[in-house]
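Enquirer: The structure under discussion is supplied below as structure tokens; questions concerning it will follow.
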Amino acid sequence: MKMEINGKTRTCGLIGNPVEHTLSPMIHNTLAKLLGHNLVYVPFPVDADKVAQAVEGADALQLLGLNVTVPYKSEVIGSLREIDELACSIGAVNTLVKTEGGYKGYNTDMEGLYRAMVSEGIRIGGEQILLLGAGGAARAVAYLCAVKGADKVYILNRTLSKAQTVAEEVNRTVGREVIVPMATEDYTKLPDGKYLAIQGTSVGLAPNTEEVVIADEAFYEKIHTGFDLIYNPWETKFMKLVMKHGGNAYNGLKMLLYQGIIAYELWNDVSVSEEDAQVVYKRLREQFI
Ligand code: ATR
């Protein structure tokens, strides 16, 4: 269906810095076309000292919704009228939904990762999980794993104190000792067994495609499934090492896809079919292979 921008077009967008390389317009404008919605999605670069003004301005312009990306996912919380309970626990918001008198903030990254894992047949409940990293992204992953019933999640981080902070917060929130903080170099002390490993650091992101948090190949013998939150490059060094040692490996593009789909569902009060999700995924994938 051909869509004309006219007086009834509703606008959504992305605030962040930088925003030039975002794939979100492709996700949302494709969905609008597939679903026949009169909606456009555009990127808005926002300077560090203008985040609150940007949200206020968006409200004044009655933008239907916004995504928020690096580096404003925590800072934007101060500009919200309301925050979803889950997003509040995670301490990061990536989606704003227009309500009467301001925006309500959500975190669709975490649910997006969950839907991506479900679509790949990856289980969290009852699993032994290794999580590389303790930054903003890894924190949300730790929370997801705890909420979805992982048996144990070992956070391996270069800076042990950050892993300890995440572990304390998440364990307190879920009321059990599920997260175990460790320094990365102590990976040899992990209990025997096979793990689901989630790579949540920025190490290996293009252009540094040859980098990996743990280079020792013996480590990869412990991994039955590796999930990297990075999707550029399509196959990270971490994924290559997992596969070399017999494990299955996945990149973060489906997480990106589903966090976008969930945001779109919140803005439009619709449910996106799996068939439409796959059409969008195919377009995203074409950017890489
Ligand atoms: P994000 O929001 O993308 O998670 P972040 O909050 O800055 O970004 O977190 C980056 C993560 O990658 C951290 O876990 C960081 O480790 P530290 O806590 O020790 O800083 C990890 N990281 C980044 N560069 C790294 C490197 N060269 N080696 C190991 N870990 C690295």
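The values are calculated or read from the model by the stated rules, or taken from the named source; none is laboratory data. All values reported here derive from a predicted model rather than from experimental measurement. Reconstructed Cβ throughout: ideal geometry from the backbone, glycine too, with neighbour counts over all protein chains shown. We work out accessible area using only protein heavy atoms, side chains counted, and drop any ligands, DNA or RNA first. Shrake-Rupley method; radii C 1.70, N 1.55, O 1.52, S 1.80 Å.
Enquirer: Identify all residues within region 112-149 that are of a type outside the set (G, A, S) and modelled with pLDDT under 95; write none if there are none. Steps first, answer last, please.
Expert: Our first condition is that a residue be of a type outside the set (G, A, S); within region 112-149, this holds for 113-115, 117-118, 120, 122-124, 127-132, 139, 141, 143-145, 147-148.
Once the filter is applied, which keeps residues that are of a type outside the set (G, A, S) and modelled with pLDDT under 95, region 112-149 yields only R139.
Enquirer: Could you tell me how many of the residues in region 91-105 are more than 12 Å from the chain's Cα centre (by Cα) and either at pLDDT below 95 or over 22 Å from V166 (Cα atoms) (or both)?
Expert: Looking only at that region, the number is 10.
Enquirer: Related question: Assuming E20 fulfils every condition listed in (1) in a helix (DSSP H, G or I); (2) surrounded by fewer than 20 Cβ atoms within 10 Å (Cβ to Cβ) apart from one, which condition is it?
Expert: The number of the failed condition is (1).
Enquirer: Report, by residue number, each residue of region 141-172 that is open to solvent by 10 Å² or more (accessible area, probe 1.4 Å), of a type outside the set (D, E, K, R) and within 16 Å of the ligand (Cβ to nearest atom).
Expert: Within region 141-172, Y143, Y154, N157, T159, L160, S161, Q164, T165 meet the criteria.
Enquirer: What about A215, is it surrounded by fewer than 15 Cβ atoms within 10 Å (Cβ to Cβ) and modelled with pLDDT of 95 or more?
Expert: Numbers: surrounded by fewer than 15 Cβ atoms within 10 Å (Cβ to Cβ): yes; modelled with pLDDT of 95 or more: yes.
Judged against the criteria, A215 is a match.
Enquirer: Farther than 25 Å from F288 by Cα and touching a Gly at 6+ places or on another chain (Cβ under 8 Å) - does that describe any residue in region 23-45?
Expert: No: region 23-45 contains no residue that is farther than 25 Å from F288 by Cα and touching a Gly at 6+ places or on another chain (Cβ under 8 Å).
Enquirer: Within region 197-220, restricting attention to residues that are over 22 Å from Q128 (Cβ atoms) and of a type outside the set (A, V, I, L, M, F, W, C), which residue is nearest to the ligand (Cβ to nearest atom)?
Expert: S202
Enquirer: Still on this model: Of the numbered conditions (1) open to solvent by 60 Å² or more (accessible area, probe 1.4 Å); (2) closer than 19 Å to G226 by Cβ; (3) part of a loop (DSSP other than H, G, I, E, B), T201 fails exactly one; give the number of that condition.
Expert: Result: T201 fails condition (1) only.
Enquirer: Could you list all residues from region 225-240 that are away from the ligand (no atom under 16 Å from the Cβ), out of contact with any Phe, Trp or Tyr (no Cβ under 7 Å at 6 or more places or on another chain) and either open to solvent by 50 Å² or more (accessible area, probe 1.4 Å) or not in a loop (DSSP other than H, G, I, E, B) (or both)?
Expert: Correct list: T225, E235, M239, K240.
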